[in-house]
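First comes the structure, then the notes that go with it.
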Amino acid sequence: MSNVEDRPTRSVEYSKTENVHILKYQDINGIGRLFGGTLMSWIDETGGTAAMRHAGCPVTTAAVDNLQFKHGAKKQDIVVVEAKLTYVGNTSIEVRCDTYVETLGGMRYHINQAYLTYVAMSENGEPRRVPYALEIKTETEKAEWEGAIKRKEMWKKRRSEGF
């Protein structure tokens, strides 16, 4: 199963990206937790990397949707940001980013989730068609795809209402 039949496909696994950070003093806010802006930067970098891997061309961030801070992280924690594609349209790519604190024993605790939309860019800085469709293989990937369609519809509705 893929979203568009007239272009080659790449799987979700093809572009899956993971970045790991050990929290340092400069990553911490005034109350001793990971600064939200730092985490947002890491999420955008990881998500953008996954989108570029899939598209095989530069991308730019178009939107961040449903960014949820669930738990904090503190100095010396190992923070892992995972990104995987959920949807590919004509010029847009949606990426889900999940952030975890990882223990020294390898257990991961979910602390953040976000969906980001990227737009494929041409060499002259204009939106271009994403060269590869997204191959949907599992029921989880299908559910993520359907969720992306709903988020896209809600985004269009909010935009038409001036939000």
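The values are calculated or read from the model by the stated rules, or taken from the named source; none is laboratory data. Keep in mind that what you see is a predicted model, and the values were worked out from it rather than measured. Virtual Cβ from ideal backbone geometry, glycine too; neighbours counted across all protein chains shown. For accessibility, only protein heavy atoms count, side chains too; no ligands or nucleic acids. Shrake-Rupley method; radii C 1.70, N 1.55, O 1.52, S 1.80 Å.
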- Message: Probe radius 1.4 Å, ligands and nucleic acids ignored: give me the carbon and sulfur share of the accessible area of segment 1-98 as a rounded percent.
- Response: 49 percent
- Bin all alpha-carbon pair distances of the chain at 5 Å intervals from 0 and give each bin's fraction as a whole percent. 2, 9, 17, 19, 18, 14, 11, 7, 3, 0, 0
- Message: If I take R0 = 22 Å and measure r between the Cβ atoms of residue 31 and residue 108 in this structure, what FRET efficiency does the formula 1/(1 + (r/R0)^6) give, to the nearest 0.05?
- Response: 0.40
- Task: Would you kindly calculate the translational diffusion coefficient of segment 1-91, applying Stokes-Einstein with the Kirkwood radius from alpha carbon pairs, for 25 °C and a viscosity of 0.890 mPa s, and quote it in µm² s⁻¹ without decimals?
- Result: 165 µm²/s
- Which of 111, 43, 31 moves the most in a Gaussian network model of the chain with Cα springs under 10 Å? 31
- Message: Net charge within 11 Å of residue 22 by Cβ-Cβ distance, Lys/Arg positive one each and Asp/Glu negative one each, not counting residue 22 itself?
- Response: -1
- Message: So for the chain, averaging the separation of alpha carbon pairs under 8 Å that are six or more residues apart and normalising by length, what relative contact order in percent results?
- Response: 29 percent
- Task: Compute the long axis of helix 36-55 from its Cα atoms, compare it with the longest principal axis of the Cα atoms of the chain, and write down the angle in degrees, 0 to 90, nearest 10.
- Result: 30 degrees
- Counting only pairs 8 or more places apart or on different chains, how many lysine pairs in the chain have C-alpha atoms closer than 16 Å? 8
- Could you pull out the GluC sites (Glu not before Pro) across segment 1-78 that fall in loop regions by DSSP (anything but H, G, I, E, B) with no more than 13 other Cβ atoms inside 10 Å? 5
- Task: Could you please state, rounded to a whole Å, how far the C-alpha centre of segment 40-65 is from the C-alpha centre of segment 95-126?
- Result: 8 Å
- Under 5 Å between amide H atoms, partner at least 5 residues away or on a different chain: which partners does residue 128 have, H built in plane at 1.01 Å? 120, 121, 122
- Task: Determine the gain in length on full extension of the stretch residue 20-residue 65; use 0.36 nm per residue of separation and subtract their C-alpha separation, reporting nm with one decimal.
- Result: 14.0 nm
- Query: Using the alpha-carbon atoms, what tilt in degrees (0 to 90, nearest 10) does helix 139-160 show relative to the longest principal axis of the chain?
  - Reply: 80 degrees
- Query: How big is the convex hull of the Cα atoms of segment 85-143, per residue, in Å³?
  - Reply: 127 Å³
